[in-house]
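Asks: This structure is in structure tokens; I'll ask about it shortly.
The values are calculated or read from the model by the stated rules, or taken from the named source; none is laboratory data. Bear in mind that the values here come from a model prediction, so they are computed numbers and not experimental data. Note: ideal-geometry Cβ built from the backbone for every residue, glycine included; neighbour counts use all protein chains shown.
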């Protein structure tokens, strides 16, 4: 069923979520407090749409003109959320900024409106007014949301189960993959696993055991080849449960001590090597325009996604 959906926050995630919702046939409005950020939204969505069309992921009938008509960009919060069935908060991970926004939404929205947060790690439920708790939830997408299909759906302590099911059905209708958690936990599933991987990688880097290129080669040619087909636990079945039990019993792996900083990250930051937007991070990106790099990444992800669909995953009984 078509919904009117407002996205508050037009940055890295917000414009991508708006694009996904528009492609799913919903009426979409988007706003941001930064005029500069909001001005970039139409171009960012059009560029992403162009990449999707080039890959055959959307039909040629999705022209930039059609997209511009499907997503209304406005600097005014009240106008953006007026008449919206669902409001998705996608602003900065700052508790006070979110608290202020939720208070404003409480004043502007009717009682039956649903408020969803795209937060990654912050427990937003204590920041949402009490009267809104029954119709508040987390809907968390991954970058880039128009390619990565996973969406976390997370209830708060008082969320109506019907609201969760409605959100799950909305995501399925977008052609994406919802997982419904029983309760909020920072990072949900994928980000928590990624955090554990990152902790080990920073340990390997800081101890000088492997280079960034070697680590990424191990990820790509070792882990990544098997994960799309098997996941992790199905792979464990192929390895054999008894072998895994013996490995645990023999303490063949000792995780690194928890850390709140990495010497490798600190050194890169001090040199201004802050990632693709700066032209250099762990790797030198050759002076290429970040927009070109993002488009290149998206084309490769889309090609991999097509191949994964053709291969399919192995399912247990």
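Asks: Mind checking whether some residue in segment 24-31 is under 20 Å from the mean Cα position of the chain (by Cα) and touching a residue at least 60 places away in the same chain (Cβ under 8 Å)?
Replies: Checking segment 24-31: at least one residue is under 20 Å from the mean Cα position of the chain (by Cα) and touching a residue at least 60 places away in the same chain (Cβ under 8 Å).
Asks: Residues 72, 40, 66: which one is at pLDDT 95 or above, out of contact with any strand residue (DSSP E or B) (no Cβ under 7 Å at 6 or more places or on another chain) and not assigned by TED's automatic domain parsing to the domain that holds residue 305?
Replies: Just a single option satisfies the conditions, and that option is 66.
Conditions (1) in contact with a helix residue (DSSP H, G or I) (Cβ under 8 Å, 6 or more places away or on another chain); (2) in a loop (DSSP other than H, G, I, E, B), marked per residue:
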site: 83; (1), (2): no, yes
site: 87; (1), (2): yes, no
site: 107; (1), (2): no, no
site: 158; (1), (2): yes, yes
site: 167; (1), (2): no, no
site: 170; (1), (2): no, no
site: 175; (1), (2): no, yes
site: 182; (1), (2): no, yes
site: 186; (1), (2): yes, yes
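Asks: How about segment 248-260: which of its residues are exposed (fewer than 10 other Cβ atoms within 10 Å of the Cβ) and touching a helix residue (DSSP H, G or I) at 6+ places or on another chain (Cβ under 9 Å)?
Replies: Residues satisfying the conditions are 252, 253, 255, 257, 258.
Asks: Taking the options 154, 114, 124, name whichever one is farther than 17 Å from residue 102 by Cα, surrounded by 13 or more Cβ atoms within 10 Å (Cβ to Cβ) and touching a strand residue (DSSP E or B) at 6+ places or on another chain (Cβ under 7 Å).
Replies: Among 154, 114, 124, only 154 is farther than 17 Å from residue 102 by Cα, surrounded by 13 or more Cβ atoms within 10 Å (Cβ to Cβ) and touching a strand residue (DSSP E or B) at 6+ places or on another chain (Cβ under 7 Å).
Asks: Do the conditions hold for residue 29, that is, is it within 22 Å of residue 142 (Cα to Cα), buried (at least 20 other Cβ atoms within 10 Å of the Cβ) and in the same structural domain as residue 12 (by TED's automatic domain parsing)?
Replies: Spelling it out, residue 29 is indeed within 22 Å of residue 142 (Cα to Cα), buried (at least 20 other Cβ atoms within 10 Å of the Cβ) and in the same structural domain as residue 12 (by TED's automatic domain parsing).
Asks: So which residues in segment 307-317 are under 19 Å from residue 51 (Cα atoms) and either surrounded by 12 or more Cβ atoms within 10 Å (Cβ to Cβ) or touching a helix residue (DSSP H, G or I) at 6+ places or on another chain (Cβ under 8 Å) (or both), if there are any at all?
Replies: Scanning segment 307-317 gives a single hit, 308.
Residues checked against (1) touching a strand residue (DSSP E or B) at 6+ places or on another chain (Cβ under 9 Å); (2) surrounded by 12 or more Cβ atoms within 10 Å (Cβ to Cβ):
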residue	(1), (2)
185	yes, yes
226	no, yes
246	no, no
271	yes, no
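Asks: Next up: Hey, does segment 97-105 have a residue that's in the same structural domain as residue 41 (by TED's automatic domain parsing), in a loop (DSSP other than H, G, I, E, B) and free of Cβ contacts under 8 Å to residues at least 60 places away in the same chain?
Replies: No, segment 97-105 contains no residue that is in the same structural domain as residue 41 (by TED's automatic domain parsing), in a loop (DSSP other than H, G, I, E, B) and free of Cβ contacts under 8 Å to residues at least 60 places away in the same chain.
Asks: Inside segment 37-60, can you point out the residues that are closer than 21 Å to residue 306 by Cα and not in a loop (DSSP other than H, G, I, E, B)?
Replies: 47, 48, 49, 50, 51, 52, 53, 54 - these are the residues of segment 37-60 that are closer than 21 Å to residue 306 by Cα and not in a loop (DSSP other than H, G, I, E, B).
Asks: Looking at segment 95-104, can you tell me whether even one residue there is modelled with pLDDT under 95 and more than 22 Å from residue 290 (Cα to Cα)?
Replies: Checked segment 95-104: no residue is modelled with pLDDT under 95 and more than 22 Å from residue 290 (Cα to Cα).
Asks: Being in contact (Cβ under 8 Å) with a residue 12 or more places away in the chain, assigned by TED's automatic domain parsing to the domain that holds residue 41 and under 15 Å from residue 6 (Cα atoms), is that true of even one residue in segment 149-168?
Replies: Checked segment 149-168: at least one residue is in contact (Cβ under 8 Å) with a residue 12 or more places away in the chain, assigned by TED's automatic domain parsing to the domain that holds residue 41 and under 15 Å from residue 6 (Cα atoms).
Asks: Considering (1) in contact (Cβ under 8 Å) with a residue 12 or more places away in the chain; (2) assigned by TED's automatic domain parsing to the domain that holds residue 20; (3) in a helix (DSSP H, G or I), say which one residue 199 fails and leave the rest.
Replies: (2)
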